[in-house]
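All of the numbers you see were taken from the coordinates with simple rules; none came from a lab. Not measured: the values here are computed from a predicted model. Methodologically, a virtual Cβ is constructed for each residue, glycine included, from the backbone with ideal geometry; neighbour enumeration extends over all protein chains shown.
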Amino acid sequence: MKTLNVNGQTHTADVPDDMPLLWVLRDVLGMTGTKFGCGAALCGACTIHIDGTPERSCVTPVSAAAGKRITTIEAVGQTETGRKVQMAWTTLDVPQCGYCQSGQIMSASALLASNPHPTDADIDAAMSGNICRCGTYPRIRAAIKQAAGEKVAEHSAHANGAEV
């Protein structure tokens, strides 16, 4: 039996030690906001926070998360930084299909929690493991900058032909 602290609540799960945390969150605890993408930690769709650090839940065994603070997309908005990121995402219409966005938001929130005023290079480094098949990268960058308190020109959110 594993005891997990997920989004500030204690949960128990009778699962094997090597079961990926993603499947515990989705299939055992019913938290479906975290998405399955590749199963190899290459796309970022399954990003969650463990003790504030972005981690790929598809390759994280549940045993590695036991006793740690796990935050999923369902609760990231409970932090000031998470709320700012979610508001910027909404204001700038970041999602297109939306599938990758929970992972994008989790990575962006972790970046801004550790670096409130990131440079473009900081954003590139933090977001490099998150793939968006729709190519909303200009809107993602603009939303991160807006959440950081920077003034974002309307055209920058729609740069490089990104459609809204």
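Rounded to the nearest 0.05, what FRET efficiency do D93 and A125 have when you use their Cβ-Cβ distance and R0 = 22 Å?
0.30
For the stretch 18-24, take each phi angle, set θ = phi - 60°, evaluate the Karplus expression 6.51 cos²θ - 1.76 cosθ + 1.60, and give the result in whole Hz per residue in order, putting x for glycine and proline.
Once rounded to whole Hz, the list reads 8, 5, x, 4, 3, 6, 5.
Among (1) 52, 28, 24; (2) 51, 35, 31; (3) 55, 35, 28, only one was calculated for this model; which label is it, if the read-out is Cα extents along the principal axes in Å?
Answer label, from the structure shown: (1).
Would you mind working out the magnitude of the charge dipole of the stretch 76-161 relative to its Cα centre, with +1 at each Lys and Arg C-beta and -1 at each Asp and Glu C-beta, to the nearest 20 Debye?
Dipole magnitude for the stretch 76-161 comes out near 140 debye.
Roughly how many debye, to the nearest 20, is the charge dipole of the chain about its Cα centre, given +1 on each Lys and Arg Cβ, -1 on each Asp and Glu Cβ, and no other charges?
Here the size comes out at about 120 debye.
Assigning unit charges at the beta carbon (Lys, Arg +1; Asp, Glu -1) and nothing else, what dipole magnitude in debye, to the nearest 20, does the stretch 1-59 show about its Cα centre?
In debye, rounded to 20, the stretch 1-59 gives about 200.
In the stretch 2-71, how does Rg compare with the Kirkwood Rh, expressed as the Rg/Rh ratio over alpha carbon atoms?
The Rg/Rh ratio comes out at 0.91.
Under the rule a/c < 1.5 gives rounded, and otherwise a/b versus b/c splits prolate from oblate, where does the stretch 76-161 land using the Cα gyration tensor?
Rounded shape, in that the Cα axes give a/c under 1.5.
Go through the stretch 27-44 residue by residue and turn each phi into a ³J(HN,Hα) via Karplus (6.51, -1.76, 1.60, θ = phi - 60°); whole Hz please, and just put x for glycine and proline.
With coefficients 6.51, -1.76 and 1.60, one gets 8, 9, 9, x, 9, 8, x, 7, 9, 8, x, 10, x, 9, 6, 9, 10, x Hz.
Give me a comma-separated list of calculated 3J(HN,Hα) values for the stretch 73-84, in order, Karplus coefficients 6.51, -1.76, 1.60 applied at θ = phi - 60°, integers in Hz, x for any Gly or Pro.
For the stretch 73-84, the Karplus curve yields 4, 4, 10, 4, x, 7, 9, 4, 5, x, 4, 4 Hz.
Taking the simple approach of a point 7 Å from Cα along Cα-to-Cβ for both C38 and N5, what is their distance in nm?
Each label point is offset 7 Å from its Cα along the Cβ direction, giving 3.1 nm.
For a quick check of your reading of the filter: which trypsin sites (Lys or Arg not before Pro) in the stretch 101-146 sit in a DSSP loop and have no more than 13 other Cβ atoms within 10 Å?
In loop regions of the stretch 101-146 (DSSP not H, G, I, E or B), the sparsely surrounded trypsin sites (Lys or Arg not before Pro) are R133.
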